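The values are calculated or read from the model by the stated rules, or taken from the named source; none is laboratory data. Nothing here was measured: the structure is a model prediction, and the numbers come from that model. Virtual Cβ from ideal backbone geometry, glycine too; neighbours counted across all protein chains shown.
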Amino acid sequence: MSSVNHTTYGPSRYTLWIADRDESGSPVDPTFVSAAYDLAPRLFSYRQEEIGCESVTATLIQASVNAASRAAHSVAIENPFGYLLTVFTRKVDRFLSRSQTEVPVEDEFLEDVASRQERAAAVATLLHNRILAERALSMMSPEVQELCNLHIIAVGMSFESYIQPALREANVAGELDLLE
């Protein structure tokens, strides 16, 4: 059996539904289910612009309720609202920090990696270089980013063989220092 709150949240008017059992089938403490419904407007607004999806927020709320309930089985929780809010914010922060380490790649890049007969270390190096390139570009001013992107596309050079000379040409030594 599950608990449904017919109040809606977020821009898409998402209806929150919290299961009364966790992923292993253990019953969830109803105190935390009730706290989640009471805190729902606040939970749905926390970093929602970065999360970008109410269903992801709802999944994180459910995971927080489950974790808080498991903790309550071993230790008495005096403030279930505060505890649930703390667990939720930590889960959201961790989710966002992990999602920021993902680097989008084009199909051509994946096909190139798949077609290589090289060892896994070489593929890992390619991905690592891609991450470094993304980080470096994110530290640059929009004008320098545009300049670098245009040159990389026009010349078809790899980031490593191109970016440092291009930065020096653009007279952005201060931004280059950030990379070192």
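Tabulated data for the structure shown
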quantity: Flag if residue 136 is part of a helix (DSSP H, G or I), out of contact with any Cys (no Cβ under 6 Å at 6 or more places or on another chain) and either of a type in the set (Asp, Glu) or modelled with pLDDT under 75 (or both); calculated: no
quantity: Qualifying residue in the stretch 66-83 (condition: modelled with pLDDT of 90 or more, within 26 Å of residue 131 (Cβ to Cβ) and either assigned to a loop (DSSP other than H, G, I, E, B) or not hydrophobic (A, V, I, L, M, F, W, C) (or both)); calculated: no
quantity: Complete set of residues in the stretch 12-25 that are modelled with pLDDT of 90 or more and surrounded by 12 or more Cβ atoms within 10 Å (Cβ to Cβ); calculated: 17, 18, 19, 20, 21, 22
quantity: Set 92, 113, 87, 103: member being under 30 Å from residue 57 (Cβ atoms), modelled with pLDDT of 60 or more, in contact with a Leu (Cβ under 7 Å, 6 or more places away or on another chain) and among the β-branched types (Val, Ile, Thr); calculated: 92
